[in-house]
Structure formats: C-alpha cells, structure tokens
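Colleague: The structure under discussion is supplied below as structure tokens; questions concerning it will follow.
The values are calculated or read from the model by the stated rules, or taken from the named source; none is laboratory data. Because the structure is a prediction, the values reported are computed rather than measured. Positions of Cβ are generated from backbone atoms using ideal geometry, with glycine treated the same way; all protein chains shown enter the neighbour counts.
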C-alpha cells in the first residue's frame, strides 16, 4: 500500500525489475502525475489552435491555415510551429502518455481487486498481543479475519499465512479507475473509427447524399415552432427526412443542438443560416467549376455559402489555389463575407452579407467580381431576392436562401466515453462520501506470545482516520487482546 512516506525511489528494487515496475505503475502518485500531465496537455490543446486534419492532406489548405495562425499570433506562431504545439493531440508522445496512463490505471485497478504488494508494518504501528495465549499465529490471523468480516471488511490472504489484507469501500475508487479507463478507451475508439461531417448545409427541397459509404440521402425543412413551445436561442425546428434508394425510411424533428440517433448516425441541428446559392455557366450553358479558399483545389458545380452576422475578422483568405499555383493575393475575411473562385475564367467573387434590420425585412447581399490579377472590381451590384448577371462571357446566378445546417457522424466511442465519465463522477462522489479503508495485519511470535501488527494505508483524504483506531479496539475487545502501541501517522 503506497503512501507519501514511500517516495518513488523506494518503489524500485534493482533485483526484481518486473515487481518494481508493478509497484511503480500501481502507485497512486504515478497515476496522479500521468493524469495531471494529460490534463495539462489537453488544456494546452484547447487554448492553442490545433492543425485540422484537412490541412495535413491538402497543402493549399495547410498554407491557408498557417497564414491565419501567423495573422492571429504574429511571431509567436513560428515558436508554436517549432515546438509542435499545434499538433499536440496527434503527437506520438501525447499518445504514449495516454498509453502509460491506461497501463497505470489498469495495474492500479488490479492491485485494488487483488492486492499483492504490501509494505511491512511501520515502527510504532498498533500491536495486539496476549502473553498467556497459547494460540498459534495462524489461528490469530483467522480470528482477526473473522472479526474484520463481521465489520464488513473484505479480507484477502497475503503473501504468507501470517499476512492478512483487509479493506472496505474499496469498490468506490475502483469505480473511478474503471471510469477513467472506459473514457480513455472511448477516446481511442473514436480516434480510430469515428467520423463527423460538420456544417452540412441543406437548402429547401434538396435531397443531398450523406456519403461516407452510408448509401443514404437527407433533406431538411425548416418549421416554425408551435405556439407555446418556443425554444431558447431558436425560433425554428428542422424536420429531417432520410432516404435510401430513393425511398423515405425515416422522418424526425431535430431540436436545437439536441442529438438524434437515426440509421446508426447521430444528427445535430446546429443552426439555420442565411445562405447564398452560387452557380456559373459559360456562353454555351456549360456549368463552370467553383471553389473557395476553405475547400482548397476541390471544385464544385454549385456552392452553398453560409454567412455570419458577426463582422469580426476570422482568418486570412489566400486566393489562387489552382494545383501548382502560388498563393498570390490575400484578403482579411470576415464572418459576413465569402470569396468564390472561378478557375475556368480566372475570376474571383467577393460576396458580403448584410443582415435584416428594422428598416429591411430581408437580408441584403453585395457582390464584387475581380480578375485574378487585379484588385479593382469589374462588376459590382447589390440584391435581396436573386441575381443573374452576364460578366465577361460568364453567366452568374446568385439565389439567397435559408438553409438548415446539420452536423452528423458515426462515433461508437462516444457512448463508451460517456459511460466512463458517468462512472468516474459516481465513483468520486461515493469516495468522498465513504473513503476507502485499507489495512494490513502481520502475525508474529515474540517470546512465545503471538502478536498482531496493524498498519493502514494513509492518504490525503483520511490521514487521521478514526476508523483505524476503532477497528483495532474492536478486535482487541473481541479477541481479548492488549493494545501495546498506538498508531502513528
């Protein structure tokens, strides 16, 4: 039973490395140290932007993200990159730390369930004896075990017949350790198997494939909340319909930010945003490919752009994302504006959203069109309903709509992690209510008189534990023995 009186060096025995490793990883101080380091790195990752997965596979997106990082942090961004602070969660040493924490929690849990590493009694620990008692040390231990079980202690034989281990309320800290192990297992399972689609935009009447090998399509319709059922921070519900092979298989109302499980997928209604549907055709009616700085070199026949009412700067937009091209021009993109590139015509569209106010019922949009190598717009206009314009041999169609914005995905580790968190909190609450009580009894024969030496495990929670003295006195009365020394803490 490890205590603060036994520092880390005392846990290591050069003659038995395996036993020493077991002692080391079962030490509560090692568990606390590893858990503290893990939480510290997790907090660091929460405060410092982490490089998205898309940036690792797309050089253009990576350059865009690096530009936004340098704009936000200045010269500090170079230090963050050198120290790899922006890749903490994917670093091998962070995953190694999680592995060590899982190993330590496992060993610690096994040590609770089947204790095998017990320190010898300390000098000054309570001793029960009776000089005229002819009983053997073994019968002494058996009688002590019976008395402890009558006090609702669990007793486990030690390394020999003269050693006895006993504990009570030990399953509460075991619950904490199991909960942490399940939470780590859930994180590992999510990291390997989970996928999420964020900002999945559905315009009215659109049936859009979900992808990811699901063979499903989804459509969404915004509904007004019935009178008397207004929800906080939203005035709309989203009716989600799922289709498979063109046939509707499910229809469900999604409430604001509440998860819904359908067809093995989790759906969240995250928002309903003002959006703009953008498409372009050449003079022959052929649809032209469109792309945005966020999507990198990927081109789409139709772009659905979301806008925010917040005009604060979000990141730097680098234009000119064709494969093999250099990142030439940069703009300070704000939440209420978007950029669209038409690579087939070397044109750039700048679209600005103005939310409705007291004088206007509908939002207003501004559009500016630039040549790729010029900063002076060749076309400028504003509109509220829709716009079709002929610009330099290009037909541009802009249609304002209100889209449903969803987040959906598949994460089997989420339930496992949630169960682990619940078990951890329950175990912590129960441990605070009833701290674990652990003690060790060693029987010895001194001058032909059997003696029982007691030692308890100390912790910050029960250093001056009255239960230990009560147990010793109870056994002394039950076995008609004499307490020769008092417990020391």
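Colleague: So in the range 77-89, with the set limited to residues that are without any contact (Cβ under 8 Å) to a residue 24 or more places away in the chain and in contact with a helix residue (DSSP H, G or I) (Cβ under 9 Å, 6 or more places away or on another chain), which one is farthest from residue 297 (Cα to Cα)?
Modeller: Here is the first cut: in the range 77-89, the residues without any contact (Cβ under 8 Å) to a residue 24 or more places away in the chain are 77-79, 81-84.
Remaining after also requiring in contact with a helix residue (DSSP H, G or I) (Cβ under 9 Å, 6 or more places away or on another chain): 77-79, 81.
Numbers: 77: 25, 78: 26, 79: 29, 81: 24 Å.
Going through the qualifying residues, I end up with 79.
Colleague: Conditions first: (1) at pLDDT below 80; (2) at positive phi. Residue 117 passes all but one, so which condition is the exception?
Modeller: Result: residue 117 passes all but (2).
Colleague: I've got another one for you. Just one of 464, 448 is under 48 Å from the mean Cα position of the chain (by Cα), over 15 Å from residue 162 (Cβ atoms), at pLDDT below 75 and surrounded by fewer than 22 Cβ atoms within 10 Å (Cβ to Cβ); which is it?
Modeller: When all the criteria are applied, what remains is 464.
Colleague: Report the residue count in the range 195-219 for those that are surrounded by fewer than 16 Cβ atoms within 10 Å (Cβ to Cβ) and touching a residue at least 40 places away in the same chain (Cβ under 8 Å).
Modeller: 7
Colleague: Turning to a different aspect of this structure: Check off (1) outside any helix (DSSP H, G or I); (2) in contact with a strand residue (DSSP E or B) (Cβ under 6 Å, 6 or more places away or on another chain); (3) under 30 Å from residue 298 (Cα atoms) for residue 115 and give me the number that stays unchecked.
Modeller: (3)
Colleague: Could you check the range 28-70 and list, in sequence order, the residues that are touching a residue at least 60 places away in the same chain (Cβ under 8 Å) and not in a helix (DSSP H, G or I)?
Modeller: Within the range 28-70, just 58 meets the criteria.
Colleague: Which of the numbered conditions does residue 242 fail, given that it passes all the others? Conditions: (1) buried (at least 18 other Cβ atoms within 10 Å of the Cβ); (2) assigned to a loop (DSSP other than H, G, I, E, B); (3) modelled with pLDDT of 85 or more.
Modeller: (2)
Colleague: Right, next: Regarding the range 423-431, can at least one residue be identified that is more than 30 Å from residue 479 (Cβ to Cβ) and free of Cβ contacts under 8 Å to residues at least 60 places away in the same chain?
Modeller: yes
Colleague: Out of (1) at pLDDT 75 or above; (2) buried (at least 16 other Cβ atoms within 10 Å of the Cβ); (3) more than 35 Å from the chain's Cα centre (by Cα), the odd one out for residue 356 is which?
Modeller: Going through (1) at pLDDT 75 or above; (2) buried (at least 16 other Cβ atoms within 10 Å of the Cβ); (3) more than 35 Å from the chain's Cα centre (by Cα) one by one, residue 356 breaks only (2).
Colleague: Any idea which residue in the range 1-27 is surrounded by the most Cβ atoms within 10 Å (Cβ to Cβ), counting only those that are modelled with pLDDT of 80 or more and not in a loop (DSSP other than H, G, I, E, B)?
Modeller: Taking the candidates together, the pick is 25.
Listed here are the residues, each with its yes/no results for (1) surrounded by 13 or more Cβ atoms within 10 Å (Cβ to Cβ); (2) modelled with pLDDT of 60 or more; (3) not in a strand (DSSP E or B).
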| residue | (1), (2), (3) |
| --- | --- |
| 298 | yes, yes, yes |
| 305 | yes, yes, no |
| 317 | yes, no, no |
| 321 | yes, no, yes |
| 328 | no, no, yes |
